Amino acid sequence: MRNIFFILITLALASCSRDTVNNNVDRYPDDGIRPSSIIHEGGSREYQLYIPPGYNGTDPLPVVFNFHGFDGDAYEYFTNTSDMRSIASVESNPFFLVYPQAGYCDGGLAWNPSELGGDNKCSLNDIGFIEALIDSLSAEFRIDSNKIYACGYSNGGMMAMGLGMKKSDRFAAVGSVSGSMLDLETPSRPMPTIIIHGTLDESLPYAGNSFYNSVQSQIDFWVNINNTDSIPLVSSETSPYGITTDHYRYLNGDNDVSVEHYKIIDGGHVWRMDQQIYPAGKPDDDTGLILWEFFNRYSL
């Protein structure tokens, strides 16, 4: 992993010996969000879980992991930034939502999307944490192991991309919103990928810089890995809020996967496309819906 990932340091963990799920919580809280935790590698790791009303305990449901950004809080991110509960609750196609909490390091909370060892400056095993969390969810609920997806915002987008490369045997598709890729590692199978990014992102610049890969270099990586068409289908749309989005679709990849990119013209470092214009109005979360509609086309 590149040395620029300075925001991650060692997370000191308490002592215990195995992964367990914390069941001392309300299974169906009023807002549908269940605070939960597992014990992983000797310490407690937290996450927020949404169980859709359509879950009957018999039919397996897909799972969407959504990772908050640097110094973020999973619950606040869940409820205020990227609330996908209305999408997950659609009766005809419900799914579980999982919002994990990053570890505390160097005055903030950050994800480590890389494997341990080498020049990785962080000893936080987040790849292992998410694998353990999938196993815990599988033990407690009926989940569709062929339809597990990962997405995230900013540093959370880095985490989703890391899982897409390193754990392609467990994730059916991945997506990044205002994120980046730190490593470029070939996955074990074709990986459907969606990237949403604003051209005026001040934190992770669209054109990249000396620290972060450009959006186009990330797209080129996935197009090459998935062996899709090199020339995309391109369309453009302006929302009622005045945001213009160019949509690029790279089709006909191996296993019929695709790579898609939503280029938000003059868009900043935000999750919701229209958030920077009407943050108080809470317009429909187009970003969450676009991610789910893309994910729902794919399975292992």
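For the residues F96, F171, the requirement of being more than 30 Å from N227 (Cβ to Cβ), of a type outside the set (D, E), at pLDDT 95 or above and touching a Leu at 6+ places or on another chain (Cβ under 9 Å) singles out F96.
The single residue among Y104, Y153 that is out of contact with any Cys (no Cβ under 7 Å at 6 or more places or on another chain), at pLDDT below 95 and of a type outside the set (G, A, S) turns out to be Y104. Screening N213 on (1) farther than 27 Å from P62 by Cβ; (2) polar (S, T, N, Q); (3) without any contact (Cβ under 8 Å) to a residue 24 or more places away in the chain; (4) surrounded by 18 or more Cβ atoms within 10 Å (Cβ to Cβ) shows it passes everything except condition (3). Selection within segment 200-238: residues that are within 21 Å of the chain's Cα centre (by Cα) and among the polar types (S, T, N, Q). The member of this set that is nearest to F70 (Cα to Cα) is S203. With respect to being of a type outside the set (V, I, T) and either surrounded by 22 or more Cβ atoms within 10 Å (Cβ to Cβ) or under 17 Å from E293 (Cβ atoms) (or both), F78 fits the description. Selection of segment 109-150 for residues being surrounded by fewer than 16 Cβ atoms within 10 Å (Cβ to Cβ), over 22 Å from E185 (Cα atoms) and at pLDDT below 95 yields an empty set.
Against the list (1) surrounded by 14 or more Cβ atoms within 10 Å (Cβ to Cβ); (2) modelled with pLDDT under 90; (3) of a type in the set (K, R), the condition R34 fails is (2).
In segment 75-89 there is no residue matching the filter, namely being part of a strand (DSSP E or B) and in contact with a Phe, Trp or Tyr (Cβ under 9 Å, 6 or more places away or on another chain). Candidates in segment 174-185 are the residues that are surrounded by 19 or more Cβ atoms within 10 Å (Cβ to Cβ) and not hydroxyl-bearing (S, T, Y); of these, the one that is modelled with the lowest pLDDT is L182.
Reported count of residues in segment 83-93, each being within 14 Å of I33 (Cβ to Cβ) and out of contact with any helix residue (DSSP H, G or I) (no Cβ under 6 Å at 6 or more places or on another chain), is 5.
The set of residues from segment 61-74 being within 20 Å of L133 (Cα to Cα) and either β-branched (V, I, T) or not in a strand (DSSP E or B) (or both) comprises V63, V64, H68, G69, G72, D73, A74. Restricting attention to segment 176-198, the residues that are closer than 14 Å to V223 by Cα and touching a residue at least 60 places away in the same chain (Cβ under 8 Å) add up to 7.
The values are calculated or read from the model by the stated rules, or taken from the named source; none is laboratory data. Computed from a prediction, not measured in an experiment: that's the story for all the values here. Virtual Cβ from ideal backbone geometry, glycine too; neighbours counted across all protein chains shown.
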